[in-house]
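Student: So that we are looking at the same thing, I have put the structure below in structure tokens.
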Amino acid sequence: MKKAIVTGHSKGLGAALATQLEADGWEVLGISRSGGAEVDLGSPQALDAWLGSGALGEFLADATDLILINNAGTVGPIGFIGKQDAAAIEQAVNLNVTAPLMLTDAVVRDRPAGVPLRIVHISSGAGRRPSETWSTYCATKAAIDMHAATLAAEGLDGVRVASIAPGVVDTGMQELIRGSDFPSRDRFQALKDQGQLSSPEKAAGQILTLLNRADFGEKVLSDVRDA
């Protein structure tokens, strides 16, 4: 049975990914605070407890093909270094970095022997170039890029991975960005006003096109323009 795990599946890009995978015959396990496997991915303790419950192993047990998409994330805290909230930094690192690393480790470990596994980290251009006031977001996305590159370098049998930047997608995250005070805010507002944002459905389709290519994983640090 084809099985996929998508984090942050209850809205935005995650919801579009889950919907399109289901339409293509995949059984999807969504993980978020508000649906599917209800887990606070911003809490390593909550995620560890869920991983220890046996629910993941039960889902994976009869899989013949596996996909893991680490989509859940947050752009906050937005602010110059020295003016950020410590708790918000901790939450962002937990959600953007700790959760995907823990979940990836668990799926690689618990997948049935011989079952192929494709892993996507949803990255960002912000992880590949600095953006003022986005230091935490930039750092966390750079971290998952390096995690993907390291996983690829390990050459685990049957495991392929890519960290894919989805472009500027019209989601709740973009609403938060436009509502924040930072130097590049007007550029993001202009993208919205000029209709230049990608829809979640389009971005999801591009990501899945890359995922389904025979050469998936050969370019570990990728973006949707490669589709």
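The values are calculated or read from the model by the stated rules, or taken from the named source; none is laboratory data. Computed from a predicted structure; not experimentally measured. Cβ placement follows ideal geometry from the backbone for every residue including glycine, while neighbour counts extend to all protein chains displayed.
Student: Only one of (1) of a type in the set (A, V, I, L, M, F, W, C); (2) more than 21 Å from Pro116 (Cα to Cα); (3) part of a helix (DSSP H, G or I) is not met by Leu103, so which one is it?
Tutor: Unmet condition: (2).
Student: Against the conditions (1) among the charged types (D, E, K, R); (2) buried (at least 19 other Cβ atoms within 10 Å of the Cβ); (3) at pLDDT below 95, where does Lys3 fall short? Just the number, please.
Tutor: Among (1) among the charged types (D, E, K, R); (2) buried (at least 19 other Cβ atoms within 10 Å of the Cβ); (3) at pLDDT below 95, Lys3 violates only (3).
Rundown of residues vs (1) without any contact (Cβ under 8 Å) to a residue 60 or more places away in the chain; (2) loosely packed, with under 14 Cβ neighbours inside 10 Å; (3) under 18 Å from the mean Cα position of the chain (by Cα); (4) farther than 17 Å from Arg160 by Cα, yes/no style:
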site: Glu58; (1), (2), (3), (4): yes, yes, no, yes
site: Asp65; (1), (2), (3), (4): no, yes, no, no
site: Gly73; (1), (2), (3), (4): no, no, yes, yes
site: Leu101; (1), (2), (3), (4): yes, no, yes, no
site: Thr104; (1), (2), (3), (4): yes, no, yes, no
site: Asp110; (1), (2), (3), (4): yes, no, no, no
site: Ile119; (1), (2), (3), (4): yes, no, yes, no
site: Ile122; (1), (2), (3), (4): no, no, yes, no
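Student: Next up: Of all residues in region 22-46, how many are in contact with a helix residue (DSSP H, G or I) (Cβ under 7 Å, 6 or more places away or on another chain) and either among the acidic types (Asp, Glu) or in a helix (DSSP H, G or I) (or both)?
Tutor: 2
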